[in-house]
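Scroll down for the structure; my scribbles are underneath it.
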Amino acid sequence: MNSKRRVLINSFLYTASSMLVKAFNFFLIPIYTVYLSTEQYGIVNLINSFSGVVTYVVAFSLFSAVIRFYVVYKDDNLKLKSFLGTIFTFVFLSGLFFALLGFLLRDYLITWFFEGIGFFPILLIGFSTLVFVSLHTVHQHLLRAMQKGKKLAIANIAVFVVQVILNLIFLVGLNMKAEGILLASLIVNILYFIYIIIDLTRQKLFKITLNFRLLAESLKYSIPIMPHDLSTQIASFASKVVLKNNESVSEVGIYSLANQFTSIIDLIQSTVNSAFQPWFFENMTHNNSERTREIIDFSYVLLVLYSIMYLLIGLFSQEAVMIMAEGSYVKAWTVIPILIVGFSIKSIYYFHVNIMLFNKKASKVLFIATISGSIIDIILAFLLVPYLGMYGSALAFGIAKIIVVVLVVILSRRFDSLRYNIIKMLSIIIPSLLFMAAGLFFSYTKYIYEFNWLNLSYKFVILFLYLLFVYLTNFKRINAAIIKFRQRKDRRKL
């Protein structure tokens, strides 16, 4: 199997399985919005957002080191075993430490972030989950580094099924509301922890150890990446805290539902990038013009596919929310297109950040871009949310993403000769957003809280016109791909 085909297969497996496990909340929206008030839904998402921040602190972003150094140690089983044993042992001990610290500082945390939310049992469950969710994330990155897409997909589907069952038991059967959702997450991550031990043991890679030399080398690589990993999570959590303090926890719930829809975009982009990244590193290692051209061409194809996704989600988010969610959540759709603009700009970031992660020196300054964007996001949220509510939070997110992309592009060009054509990238993204704006004209001006079949038909016409536009502007690339496919098929027959 050639490397590009393997990337495509792994991309599909990562995306499909990750969407099941990480976006399981999306598939349960009809149940959530019936059994959870907007306030309860806001509490769950506030806790999950906090966990998203602390997970990177607990693991010191060692997930990145697993992907980066696996290719270095994979041919030396003893060293690989010691490396992985060190990473998993350290992350487990770190999780215990931070969970205990959260318990000791609970009064301060409630005052700063969770006022009105009791420590027992909600925050206690959330802190306990941190110990196991960080290990879960490390193991997922290990499977990606090994390019074991099928195995990762099966594990993710199993997690998804157990998560759904537990959510239904606790939420529908026992009516435990927010506590039930969080408890289900804790149980799932404990079960996955047991699976990690079994999986590593079967591969003869399980070892409880702390090799301080390997740990120091890994932390030296991962700690400079921590601000980069943390920045988006911190900004997202801060915007929800600001929204809660200026509006209500219910508004956080409505805004979180909008994020559930747009998070599909980032989930797909990040999981595809997880498969793309090892292939990118491998091709960059050879450092020749043919490999560089292949990287750039493949990246543009991915961006075209992303642009179709932006339009699909943006155009039909209104109908999706109205069909899937209870009436008190309907306002959520109005903020989704604004968030999509930010995520579409972020797609450029993913391609350029790989350049910086490949170069060890560049990875150490990556935080400059991400921290700058996050600080601006938080500042704008403080300024805009009091006047615009959740729309101010979405606007702050979009502006911050533009700034991050600009900085990452500038920094990446200082460290490597691989240069994407930014104008070409924007020429792929912007038409998608313009078609989305045209398709939503009547939704915002006439049918904002109303499902209308004529309006839906108009959106399908816009979608068809955009697909025609994509074909006409990319037909040479599409035809070339078809010719290559036929040539490969003919060679197989021979």
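The candidate values are (i) 58, 24, 19; (ii) 33, 32, 22; (iii) 72, 29, 18; the one derived from this structure for semi-axes √(5λ) of the Cα gyration tensor in Å carries the label (ii). When 78, 388 are arranged by Cβ crowding within 10 Å, least crowded first, meaning fewest neighbours, the order is 78, 388. Site pair residue 365 and residue 120 shows an inter-label distance of 5.3 nm when each label is modelled 7 Å from Cα along Cα→Cβ.
For segment 117-250, relative contact order (Cα pairs under 8 Å, six or more residues apart, normalised by length) works out to 25 percent. Here the spin labels are modelled as points 7 Å beyond Cα on the Cα-Cβ line, and at residue 162 and residue 438 they lie 4.9 nm apart. Projecting the Cα positions of 420, 160, 176 onto the charge dipole of the chain (unit charges on Cβ atoms of Lys, Arg, Asp and Glu, taken about the Cα centre) puts 420 furthest along the positive direction.
About its Cα centre, the dipole of segment 3-482 is roughly 1720 debye, where the only charges are +1 on Lys and Arg Cβ and -1 on Asp and Glu Cβ. Based on Cα contacts under 8 Å between residues 6+ apart, the chain shows a relative contact order of 21 percent. Treating r as the C-beta distance of residue 290 and residue 154 and R0 as 45 Å, the FRET efficiency rounds to 0.80. As a proxy for reagent exposure, 255, 466 were ordered by neighbouring Cβ count within 10 angstrom, fewest first; the result is 466, 255.
Where the centroid of each part is defined by its Cα atoms, how far is segment 306-343 from segment 347-420 in Å? The distance from the Cα centre of segment 306-343 to that of segment 347-420 comes to 23 Å.
Quick check: from the Cα gyration tensor, does segment 166-285 come out rounded (a/c under 1.5), prolate or oblate? Each step should come with its number before you reach the end.
Working: a/c = 2.00, a/b = 1.37, b/c = 1.46.
Here segment 166-285 falls in the oblate category.
Along the charge dipole of segment 3-482, which of 200, 445, 349 sits closest to the positive end, that is, farthest toward it, with unit charges on the beta carbon of Lys, Arg, Asp and Glu (+1, +1, -1, -1)? Positive-end residue among those listed: 200.
Each residue, residue 454 and residue 195, gets one label point 7 Å from its Cα in the Cβ direction; the gap between the two is 5.0 nm. Dipole magnitude for segment 207-257: about 300 debye, using +1 per Lys or Arg Cβ and -1 per Asp or Glu Cβ, origin at the Cα centre.
Taking each residue as 0.36 nm, the span from residue 202 to residue 415 lengthens on full extension beyond its C-alpha to C-alpha distance by 72.6 nm.
Could you tell me the calculated FRET efficiency between residue 383 and residue 430, based on Cβ-Cβ distance and R0 = 30 angstrom, to the nearest 0.05? Display every interim value, and only then the final one.
Numbers: r = 27 Å, r/R0 = 0.89.
E(calc), rounded to 0.05, equals 0.65.
Helical content of the chain, expressed as a calculated mean residue ellipticity at 222 nm, amounts to -28500 deg cm²/dmol (DSSP H runs of 4 or more residues, -39,500 (n - 2.57) each, divided by residue number, nearest 500).
Pairs from the list 346/424; 74/207; 79/207; 81/150; 346/459; 424/476 with a Cα-Cα gap above 19 Å: 81/150; 346/459. Listing 192, 447 from fewest to most neighbouring C-beta atoms within 10 Å gives 447, 192. Rounded to the nearest 20, the Cβ-based charge dipole of segment 13-165 about its Cα centre (Lys and Arg +1, Asp and Glu -1) stands at 720 debye.
Read-outs throughout are calculated quantities, based only on the coordinates presented, and are distinct from any laboratory measurement. All of these numbers come straight from a predicted model, not from anything done at the bench. Counting neighbours? That spans all protein chains shown, and the Cβs are built from the backbone with ideal geometry, glycine included.
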